[in-house]
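Peer 1: I'd like to ask some things about the structure below.
The values are calculated or read from the model by the stated rules, or taken from the named source; none is laboratory data. It should be emphasised that the depicted structure is a prediction, and the values quoted were computed from it without experimental measurement. Positions of Cβ are generated from backbone atoms using ideal geometry, with glycine treated the same way; all protein chains shown enter the neighbour counts.
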Amino acid sequence: MSYKDVGLPTQATDLTADEVMDAVNPDPRLGYFHDPIPNNNEGWVPDQVQAALDAGEKPPRIMTEMVENPPAAAAKLSAFNTFVCDVQVNGADATMCGCVSTTQRGLRRHMRERHPGAIAHTSRAKMSEEERVAGLDAVKKWVISGRWRDARYAREPRVDERHFIKQITDAAEAIAASDTEFANTFGTKFNREPVDGQAPVRRAIGKTSGKGKAKARAIQKDVDDEVREKKVQEGSRSPMEKEADEEDAEDSNEREAEKDGVDEKEADEEEDSKQQPVEGSVM
Ligand SMILES: [Zn+2]
């Protein structure tokens, strides 16, 4: 959940430089780094899935080639992003999904399976330095504008200290605590409100109508099922153990996918950096 060589901000100017203030998202060429990513194919499923549903059969797993030609153009996701699923889930409503993946491959698989047609498939080229810098600047801007803090997610994204966005928000709060000018301009709080109890959390679902409502209900059911399932599995285990279990589960899903030959061409460079702390301050 971190990138190697992400330069963490250590002083106000790391967050207020022109490059940060002028950062754009989505980048017309590189795609989305963060933020509500529209799903131009909301409600669409690949033909093979629809056929199985129509026949009352278990739908097949959604493979990359099944989502290559959705009815509407899919959005482009940059190779630099927050590992959080920012696909909008309630039509024009700004509520986003909020699932967090530990790897880029996991994120793209999640998007393909849960939001087919939302994100264009890309054969994974290594991220360029230009893309890393542009993406990091855009995420910094997102953080200090308070838009990450206030973003509405159908489920609360679980980002802990290993996640680079959490490291940026913590750094921004530390800077704000000692730099009055920065604090007066941007505020002092950049982390999302911690919510007591267990993630995922009900957040900002509602105020939708028709299709949006049905979708919101479906998502909430999904969340509820997941919570229920976790409660059953977890019993009285400690939070650390639970987390380790969850990551194991995700890793084993990925291994399974590899066995199935899914995404074989998507060699995942980020995999290597998964558990490594971000190397600080190369700004
Ligand atoms: Zn999602």
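Peer 1: Glu113 is checked against (1) of a type outside the set (Val, Ile, Thr); (2) more than 13 Å from Pro36 (Cα to Cα); (3) without any contact (Cβ under 8 Å) to a residue 60 or more places away in the chain; (4) away from the ligand (no atom under 16 Å from the Cβ) and fails just one. What number does that condition carry?
Peer 2: Every listed condition holds for Glu113 apart from (4).
Peer 1: Now a separate question. Step by step: first the residues of segment 89-98, then only those that are out of contact with any His (no Cβ under 9 Å at 6 or more places or on another chain) and closer than 18 Å to Asn40 by Cβ, then the one that is farthest from the ligand (Cβ to nearest atom). Which residue is that?
Peer 2: Ala92
Peer 1: Small (Gly, Ala, Ser), within 12 Å of the ligand (Cβ to nearest atom) and either under 19 Å from Tyr32 (Cβ atoms) or modelled with pLDDT under 95 (or both): does that describe Ser101?
Peer 2: Working: small (Gly, Ala, Ser): yes; within 12 Å of the ligand (Cβ to nearest atom): yes; either under 19 Å from Tyr32 (Cβ atoms) or modelled with pLDDT under 95 (or both): yes.
So Ser101 fits the description; yes.
Peer 1: Residues of segment 87-103 being surrounded by 22 or more Cβ atoms within 10 Å (Cβ to Cβ) and closer than 21 Å to Ala134 by Cα, which ones?
Peer 2: Restricting attention to segment 87-103, the residues satisfying the condition of being surrounded by 22 or more Cβ atoms within 10 Å (Cβ to Cβ) are 87-90, 95-100.
Result: Val87, single match.
Peer 1: Could you please find all residues in segment 4-26 being among the β-branched types (Val, Ile, Thr), assigned to a loop (DSSP other than H, G, I, E, B) and surrounded by 18 or more Cβ atoms within 10 Å (Cβ to Cβ)?
Peer 2: Going through segment 4-26, the residues among the β-branched types (Val, Ile, Thr) turn out to be 6, 10, 13, 16, 20, 24.
Next, from what is left, pick out any that are assigned to a loop (DSSP other than H, G, I, E, B): 6, 10, 24.
The one that is among the β-branched types (Val, Ile, Thr), assigned to a loop (DSSP other than H, G, I, E, B) and surrounded by 18 or more Cβ atoms within 10 Å (Cβ to Cβ): Val6.
Peer 1: Now a separate question. Name the one entry in Ala75, Ala79 that is under 18 Å from the mean Cα position of the chain (by Cα), buried (at least 18 other Cβ atoms within 10 Å of the Cβ) and modelled with pLDDT under 95. Talk me through it step by step, then tell me what you get.
Peer 2: On the way: Ala75 fails: modelled with pLDDT under 95.
From the options Ala75, Ala79, the qualifying one is Ala79.
Peer 1: Which members of segment 116-132 meet the condition of being of a type in the set (Gly, Ala, Ser) and either part of a helix (DSSP H, G or I) or within 11 Å of the ligand (Cβ to nearest atom) (or both)?
Peer 2: If we filter segment 116-132 for residues that are of a type in the set (Gly, Ala, Ser), which is where we start, we get 117-118, 120, 123, 125, 128.
Correct list: Ala118 only.
Peer 1: Looking only at residues that are at pLDDT below 95 and aliphatic (A, V, I, L, M) in segment 137-164, which one is nearest to Gly31 (Cα to Cα)?
Peer 2: Taking the candidates together, the pick is Ala151.
Peer 1: So, one more: Could you tell me whether Gly106 is buried (at least 22 other Cβ atoms within 10 Å of the Cβ), touching a residue at least 24 places away in the same chain (Cβ under 8 Å), in a loop (DSSP other than H, G, I, E, B) and within 14 Å of the chain's Cα centre (by Cα)? Walk me through how you get there before you give the answer.
Peer 2: Numbers: buried (at least 22 other Cβ atoms within 10 Å of the Cβ): yes; touching a residue at least 24 places away in the same chain (Cβ under 8 Å): yes; in a loop (DSSP other than H, G, I, E, B): no; within 14 Å of the chain's Cα centre (by Cα): yes.
It is false that Gly106 is buried (at least 22 other Cβ atoms within 10 Å of the Cβ), touching a residue at least 24 places away in the same chain (Cβ under 8 Å), in a loop (DSSP other than H, G, I, E, B) and within 14 Å of the chain's Cα centre (by Cα).
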